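The values are calculated or read from the model by the stated rules, or taken from the named source; none is laboratory data. Model, not experiment: these values are computed from the prediction. Because the Cβ atoms are built from the backbone with ideal geometry, glycine has one as well, and the counts that use them run over all protein chains shown. Quick note on the areas: whole protein, heavy atoms, side chains included, nothing else; ligands and nucleic acids left out. Shrake-Rupley method; radii C 1.70, N 1.55, O 1.52, S 1.80 Å.
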There are 2 protein chains.
Amino acid sequence: MFIREMTEAECITVVTSGRLARLACSKDDRPYVVPIHYAYAGRRLYSFSMPGRKIELMRVNPHVCVQVDVATGAQGWKSVLLYGQYQELPETPQWHRERRYAWSLLEKHVNWWEPGGLKPTPQKMLGASPHLFYCISVDEMTGRAAAADDRG
Amino acid sequence: MFIREMTEAECITVVTSGRLARLACSKDDRPYVVPIHYAYAGRRLYSFSMPGRKIELMRVNPHVCVQVDVATGAQGWKSVLLYGQYQELPETPQWHRERRYAWSLLEKHVNWWEPGGLKPTPQKMLGASPHLFYCISVDEMTGRAAAADDRG
């Protein structure tokens, strides 16, 4: 198995085409990790969630680490880590445009895989729902690729 | 989509049959999450790793959170979180038996998926290699299951 560092361009390709990530946050150095569905654009990762533990934790400590991976070939894989900061997109006039943009990216996905979440009604801005929109502003991105031979 | 809490017995079934997990650790409240391969037995999750960032972090702060998931049916899934503590299994007489037990569980897996790791030589105790064996003693386990209808 050959393992190499990925370029940032390669990392962006993996993250842009991916949908499912694992989001790690922490409070008082007690880490917490959950799967999320996301959409990536412009160095931001957009997602939404029901209120719950990860939201509570990220409101206190916005530093997060997000991991995305993809299988390549029979034994190969690429794994990308994004380090960034949580930003809630509240239902206020200031954030209206960003929320709308987040939703325009997210509504393209048909099948949601969101523990703690419920499938939102398509074409609806979720105005009256308890869902929260948020984004992760990416500060740094690294990746590793593995292949059964050195062509990976 | 119907989401429900899983019983501990269900969580153990998912974790016992799984191989790939995401391990989150943190230092100074900066979380870090990476995929690991593991074997689970007796409320311990066994794994090994090359020296690297996650080992450095867990040596400083042993509190970790591990996430394991499995797809069930077309849209269903089960996701389990394990909260526990890192314990290194060093190459000393005191830990010899535990290391051997860890290896007996881990060598059953053919395909390794370990970023930062290299496939070990089968049937070898890795005495001279830089690989580290470790385990996570599980303090708490929770899980959620989702299904397209309420039979999941």
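Some points to look at:
- Residue within the range A:47-61 that is more than 11 Å from chain B (Cβ to nearest Cβ), in contact (Cβ under 8 Å) with a residue 60 or more places away in the chain and within 21 Å of A:M6 (Cα to Cα) present: no
- Those residues of the range B:65-104 which are part of a strand (DSSP E or B), touching a Phe, Trp or Tyr at 6+ places or on another chain (Cβ under 6 Å) and aliphatic (A, V, I, L, M), in sequence order: B:A71, B:L89
- The range B:46-99, subset more than 17 Å from the chain's Cα centre (by Cα) and among the aliphatic types (A, V, I, L, M), residue farthest from B:A148 (Cα to Cα): B:V60
- A:L82 vs. criteria at pLDDT below 50 and within 23 Å of A:E56 (Cβ to Cβ): no
- Scanning the range B:1-17 for residues that are among the charged types (D, E, K, R) and more than 13 Å from chain A (Cβ to nearest Cβ) yields B:E8, B:E10.
- If the condition is being among the small types (G, A, S) and open to solvent by 40 Å² or more (accessible area, probe 1.4 Å), then the range A:68-98 contributes A:A71, A:G73, A:A74.
- Selection count where residues are touching a His at 6+ places or on another chain (Cβ under 7 Å) and assigned to a strand (DSSP E or B), scope the range B:1-30: 2
- Selection within the range A:8-17 - open to solvent by less than 80 Å² (accessible area, probe 1.4 Å) and either in contact (Cβ under 8 Å) with a residue 60 or more places away in the chain or touching a helix residue (DSSP H, G or I) at 6+ places or on another chain (Cβ under 6 Å) (or both): A:E10, A:C11, A:I12, A:V14, A:V15
- The set of residues in the range B:25-64 that are crowded, with 17+ Cβ neighbours inside 10 Å, among the small types (G, A, S) and under 18 Å from B:W95 (Cα atoms) comprises B:A39, B:S47, B:S49.
- Annotation: of all residues in the range B:31-46 being part of a strand (DSSP E or B) and without any contact (Cβ under 8 Å) to a residue 12 or more places away in the chain, the one that is farthest from A:V70 (Cα to Cα) is B:P31.
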